[in-house]
Structure formats: structure tokens, C-alpha cells
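Student: My questions will all concern the structure given below.
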Amino acid sequence: MMTDHPPFKMRGLDHLVIRCVDLEAMRHFYCDVLGCTVDRHNKEFGLFQVRAGAHLIDLIPIDGPLGSKGGPAPRDDGLNLDHFAIQIDPFNEADLRAYLEGHDVVIVESGPRYGAEGTGPSIYMRDPEGNIVELKGPPDPGLN
């Protein structure tokens with residue numbers, strides 16, 4: 001018997017996989033700059049799984065067993081990911097800007113954006129390989 005809805009409930013994102021050219025630069029950005037921690041390192045596949053709160057970001061080199069399955073690296077004019085957002089709290093824009101600029105991270109956009117919990121502040125930046133990362137603050141009741 002078929003139903004009109006799936007036989008499961010969504011709980012949220014589990015992980016995101018980023019194919020990368022320079023694994024060490026990406027590990028530095030996500031761990032040393034953004035504060036993720038290395039959860040697992042699978043040397044057989046060259047896979048670094050870094051923890052972002054309750055979720056994982058997998059970093060896989062494009063020339064490794066997993067990364068090579070996706071073909072060549074994206075070029076400057078064709079990224080394989082638009083952006084992803086990491087929820088953060090607190091969100092103090094002045095402190096965030098100073099911190100990111102201190103790590104030579106260029107902010108490409110900022111302002112209120114709608115997200116999983118409602119409209120709130122956000123800052124967009126690029127990681128070392130051009131992927132856009134959004135730091136998303138908690139919802140602002142005045143904007144929702």
C-alpha cells in the first residue's frame with residue numbers, strides 16, 4: 001500500500017562533503033579559524049571529518065579515492081556548492097568581523113537572512129577553495 005508521505009521524519013543535516021584541492025589549507029580554515037574539531041581521519045581514503053557542533057563537514061581531496069569519483073576540481077567559474085550555513089551563537093557582528101579579518105578571511109556579504117529557525121543575522125565568507133560559508137546567528141524576533 002502506497003502512502004502520500006515518506007516513511008520517515010527529517011531530523012536535520014547530518015554532514016556535508018567538500019571536495020578539495022588543498023586539504024591542509026581547508027583543515028586549517030575549518031578547524032583553526034572556524035573552530036571545528038577533527039572528529040575522524042580516515043587515512044585510507046584521505047578523509048577528514050570535522051565536527052561543526054552536532055554536524056560534520058567531510059573534507060576529501062580530489063585526488064583521493066573518494067574525491068576522484070566526482071571528476072576534476074571545480075574551476076573558478078563553476079563551484080560544486082553554492083553555500084552552506086553554520087548556526088552560531090552568540091552573533092556579535094563587530095567581534096566576528098574583527099576575528100575573521102585577523103585571520104585574513106574576507107567577508108563577502110552580511111545582513112539578515114532567513115534560515116531554519118527564522119530570520120536572523122548572517123555573515124558570508126569564502127573558504128580557501130572558494131566555497132561560500134555562512135555563519136548564521138539566532139533568529140531575531142523583530143525580523144520574524
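The values are calculated or read from the model by the stated rules, or taken from the named source; none is laboratory data. Quick caveat: nothing in here was measured; it's all calculated off a predicted structure. Reconstructed Cβ throughout: ideal geometry from the backbone, glycine too, with neighbour counts over all protein chains shown. Note: areas computed on protein heavy atoms with side chains; ligands, DNA, RNA excluded. Shrake-Rupley method; radii C 1.70, N 1.55, O 1.52, S 1.80 Å.
Student: Rounded to the nearest 500, what is the chain's calculated 222 nm mean residue ellipticity when only DSSP H runs of at least 4 contribute -39500 (n - 2.57) each, over all residues?
Tutor: Here the helix-only value at 222 nm equals -2500 deg cm²/dmol.
Student: So which lysines pass the test for K43, namely a Cα distance under 26 Å, with those fewer than 8 places away in the same chain ruled out?
Tutor: Result set, ordered by chain and number: K69.
Student: Heavy-atom accessible area per residue, the chain, 1.4 Å probe: how many Å²? Can you show the working numbers first?
Tutor: Details: 9320 Å² over 144 residues.
Heavy-atom SASA per residue in the chain reads 65 Å².
Student: A further question on this structure: Which Rg and Dmax, in Å, describe the Cα atoms of the chain?
Tutor: Looking at the chain, its Cα Rg and Dmax stand at 16.9, 59 Å.
Student: Scan the chain and report its longest stretch carrying no chymotrypsin sites (Phe, Trp or Tyr not before Pro) that are both in a DSSP loop and have at most 16 other Cβ atoms within 10 Å. The partial results should precede the final answer.
Tutor: On the way: sites that count: F8, F45.
Segment 46-144 is the longest.
Student: Here is a further query. Between M10 and D140, what length comes free when the chain is fully extended (0.36 nm per residue of separation minus the Cα-Cα distance, one decimal in nm)?
Tutor: 44.4 nm
Student: Excluding E44 itself, calculate the net charge of residues whose Cβ lies under 15 Å from the Cβ of E44, where each Lys or Arg counts +1 and each Asp or Glu counts -1.
Tutor: Neighbour charge sum, excluding E44 itself: +1.
Student: Pull up the cross-link candidates among the aspartates and glutamates for K9, meaning alpha carbon to alpha carbon under 19 Å and not fewer than 8 places away within one chain.
Tutor: Counting by Cα, and skipping residues close in sequence, K9 has these aspartates and glutamates nearby: E117.
Student: Explain nothing, just compute: Karplus ³J(HN,Hα) = 6.51 cos²θ - 1.76 cosθ + 1.60, θ = phi - 60°, for every residue of region 125-137 in order, whole Hz, x for Gly and Pro.
Tutor: 9, 10, 7, x, 10, x, 5, 8, 10, 9, 9, 10, x
Student: Expressed as a whole percentage, what fraction of the accessible surface of region 28-122 belongs to carbon and sulfur atoms when a 1.4 Å probe is rolled over the protein heavy atoms?
Tutor: Of the solvent-accessible surface of region 28-122, carbon and sulfur hold 50 percent.
Student: Between D82 and V38, what is the label-point separation in nm under the 7 Å Cα-to-beta-carbon projection?
Tutor: Each label point is offset 7 Å from its Cα along the Cβ direction, giving 3.4 nm.
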